[in-house]
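Chemist: Attaching a single structure in structure tokens format; questions to follow.
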Amino acid sequence: MATKKQKHLVVVAGPTAVGKTDLSVRLARHFRTAIISADSRQFFREMTIGTAKPTEEEQQGVPHYFINSHSITEEYNAGAYEQDVLLLLQRLFGEKDVVLMTGGSGLYIRAVCEGMDEMPETDMELREDLTRQYEAEGLRPLLERLQQLDHVYFAQVDKANPQRVIRALEVSVSSGMPYSSFRKSERQERPFNIIKIGLTRDRHELYQRIDQRMDQMLEQGLQEEASRLYPNRAHNALQTVGYKEIFDYIEGAYGWEEAVRLLKRNSRRYAKRQLTWFNKNPGEYTWFHPRQWEEIVAFIKERVH
């Protein structure tokens, strides 16, 4: 049996509104360590209410990284995040044996834990052209083009996700090679131990918390925040639940009551997709209810020492 590595990255993952922030701050205080956010929307300074960013008060003096670290006007992706986090971990592990990473962005967590496939540089203008085409004509023409250029990835892609379709087309057209040819999925070894914890609640409880969170966001001024960001709506960071529904309301697609209903429904659907992602490989995560504090701490300590 291989000896355990000296440094440990504890990943706390789970769906939106499950309670990751509170538990992670408590764990960070217990282990006297820092938190790296793996929420791909909390990176952006301009997006605060709609991303449920932890306030200074909620952070309780725990150092947090990758919150307000970027602007929505910057291009930032999982590959860049992987490199940035690995550099940060080198520094943090110089003084700490345990570091926490928490969030609901499965792709970003996987990038840090396993590595990302090397993708070629792409043309920004091409992405903008594809995005404009999607806005004007919908997803069908883009899907047809993707099927011609890369039938392998076409068979796998979430055909309701414009970002994934546009990204695959962008790489395929820019490189002249199918997007799937760059997705080798070779797991990279990391020089630290990884402990993965998933947080979950029963569906009724989780959905109730999501609805409450949406009401709270609206009370805090989500509509005003989304209205301020509306001129930047084409940016990838804003193609997300919580903003898209209000953008559509601003454009007159439906009334306010329907916007609120869709906010809640789409957030619940997003949570369901997150749980599906984290459960893709059974046994990868050990699941707990956020209230199982003692069991969670015991689980981590057993693997750290």
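Chemist: Looking at the stretch 241-259, which of the residues that are surrounded by 15 or more Cβ atoms within 10 Å (Cβ to Cβ) and hydroxyl-bearing (Ser, Thr, Tyr) is farthest from the chain's Cα centre (by Cα)?
Modeler: So the residue we want is Tyr249.
Chemist: Is it true that Gly242 is small (Gly, Ala, Ser), in a loop (DSSP other than H, G, I, E, B) and not assigned by TED's automatic domain parsing to the domain that holds Arg167?
Modeler: Spelling it out, Gly242 is indeed small (Gly, Ala, Ser), in a loop (DSSP other than H, G, I, E, B) and not assigned by TED's automatic domain parsing to the domain that holds Arg167.
Chemist: Yes or no: Leu142 more than 17 Å from Pro191 (Cβ to Cβ) and out of contact with any Cys (no Cβ under 7 Å at 6 or more places or on another chain)? So that I can check it myself, show each step before the final result.
Modeler: On the way: more than 17 Å from Pro191 (Cβ to Cβ): yes; out of contact with any Cys (no Cβ under 7 Å at 6 or more places or on another chain): yes.
It is true that Leu142 is more than 17 Å from Pro191 (Cβ to Cβ) and out of contact with any Cys (no Cβ under 7 Å at 6 or more places or on another chain).
Chemist: Just one of (1) out of contact with any helix residue (DSSP H, G or I) (no Cβ under 9 Å at 6 or more places or on another chain); (2) outside any loop (DSSP other than H, G, I, E, B) trips up Ala160, so point out which.
Modeler: (2)
Chemist: Also: Checking His305 against (1) surrounded by 14 or more Cβ atoms within 10 Å (Cβ to Cβ); (2) farther than 21 Å from Asp158 by Cβ; (3) at pLDDT below 95, only one condition comes out false. Which one?
Modeler: (1)
Chemist: May I pose another question? Would you be able to tell me the number of residues in the stretch 166-192 that are within 16 Å of Gln83 (Cα to Cα) and crowded, with 16+ Cβ neighbours inside 10 Å?
Modeler: If we filter the stretch 166-192 for residues that are within 16 Å of Gln83 (Cα to Cα), which is where we start, we get 187-192.
Checking the rest, the ones that are also crowded, with 16+ Cβ neighbours inside 10 Å come to 190, 192.
Qualifying residue count, the stretch 166-192: 2.
Chemist: A further question follows. When you go through Leu238, Leu222 one by one, which is the residue that is at pLDDT below 95 and surrounded by 16 or more Cβ atoms within 10 Å (Cβ to Cβ)? Spell out the reasoning first.
Modeler: On the way: Leu222 fails: at pLDDT below 95.
Result: Leu238 is the single residue among Leu238, Leu222 that is at pLDDT below 95 and surrounded by 16 or more Cβ atoms within 10 Å (Cβ to Cβ).
Chemist: Now for a different question. Tell me which of these Arg127 doesn't satisfy, since it passes every other one: (1) among the basic types (Lys, Arg); (2) farther than 14 Å from Ala168 by Cα; (3) crowded, with 17+ Cβ neighbours inside 10 Å.
Modeler: (2)
Chemist: Here are some conditions: (1) outside the structural domain of Ala111 (by TED's automatic domain parsing); (2) in contact with a strand residue (DSSP E or B) (Cβ under 6 Å, 6 or more places away or on another chain); (3) not charged (D, E, K, R). Ile197 meets all but one. Which one does it not meet?
Modeler: Condition (1) is where Ile197 drops out.
Chemist: Kindly check whether there is at least one residue in the stretch 207-228 that is more than 30 Å from Gly283 (Cα to Cα), of a type in the set (Asp, Glu) and touching a residue at least 40 places away in the same chain (Cβ under 8 Å).
Modeler: Pass one, the stretch 207-228, residues more than 30 Å from Gly283 (Cα to Cα): 212, 214-228.
If we keep only those that are of a type in the set (Asp, Glu) as well, we get 215, 219, 224-225.
Next, from what is left, pick out any that are touching a residue at least 40 places away in the same chain (Cβ under 8 Å): 225.
Looking through the stretch 207-228, at least one residue is more than 30 Å from Gly283 (Cα to Cα), of a type in the set (Asp, Glu) and touching a residue at least 40 places away in the same chain (Cβ under 8 Å).
Chemist: I'd like to know if the stretch 258-279 contains one or more residues that are among the acidic types (Asp, Glu) and free of Cβ contacts under 8 Å to residues at least 60 places away in the same chain.
Modeler: To start, the set of residues in the stretch 258-279 that are among the acidic types (Asp, Glu) comprises 258.
Applying the additional criterion that residues be free of Cβ contacts under 8 Å to residues at least 60 places away in the same chain yields 258.
The answer is yes, given that some residue of the stretch 258-279 is among the acidic types (Asp, Glu) and free of Cβ contacts under 8 Å to residues at least 60 places away in the same chain.
Chemist: Determine whether the stretch 88-99 contains at least one residue that is farther than 30 Å from Thr122 by Cβ, acidic (Asp, Glu) and assigned by TED's automatic domain parsing to the domain that holds Ala34.
Modeler: yes
Chemist: Name the single residue that is surrounded by the most Cβ atoms within 10 Å (Cβ to Cβ) among those in the stretch 268-286 being assigned to a helix (DSSP H, G or I) and out of contact with any Gly (no Cβ under 7 Å at 6 or more places or on another chain). Spell out the reasoning first.
Modeler: Just the residues of the stretch 268-286 that are assigned to a helix (DSSP H, G or I), to begin with: 268-278.
Then drop every residue that is not out of contact with any Gly (no Cβ under 7 Å at 6 or more places or on another chain), which leaves 268-273, 275-276.
Numbers: Arg268: 19, Arg269: 13, Tyr270: 18, Ala271: 24, Lys272: 14, Arg273: 15, Leu275: 20, Thr276: 11.
Step by step, filter the stretch 268-286, then rank; the result is Ala271.
Chemist: If you don't mind, there's one more thing I want to ask. With the stretch 1-117 as the region, which helices (runs of 4 or more DSSP H) entirely inside it contain at least 1 residues that are buried (at least 19 other Cβ atoms within 10 Å of the Cβ) and modelled with pLDDT of 95 or more?
Modeler: Numbers: elements: 20-31, 56-59, 78-92, 106-114.
Correct list: 20-31, 78-92, 106-114.
Chemist: Can I ask one more? Which residues, taken from the stretch 136-148, are out of contact with any Phe, Trp or Tyr (no Cβ under 8 Å at 6 or more places or on another chain) and touching a residue at least 24 places away in the same chain (Cβ under 8 Å)?
Modeler: Filtering the stretch 136-148 for residues out of contact with any Phe, Trp or Tyr (no Cβ under 8 Å at 6 or more places or on another chain) gives 136-141, 144-145, 148.
Hits for the stretch 136-148 are Leu139, Arg145.
Chemist: Among the numbered criteria (1) farther than 23 Å from Val304 by Cα; (2) under 24 Å from the mean Cα position of the chain (by Cα), which single criterion is violated by Glu125?
Modeler: It is condition (2) that Glu125 fails.
The values are calculated or read from the model by the stated rules, or taken from the named source; none is laboratory data. From a predicted model like this one, the values you see are computed outputs, not experimental measurements. Note that we place each Cβ from the backbone using ideal geometry, even for glycine, and neighbour counts take in every protein chain shown.
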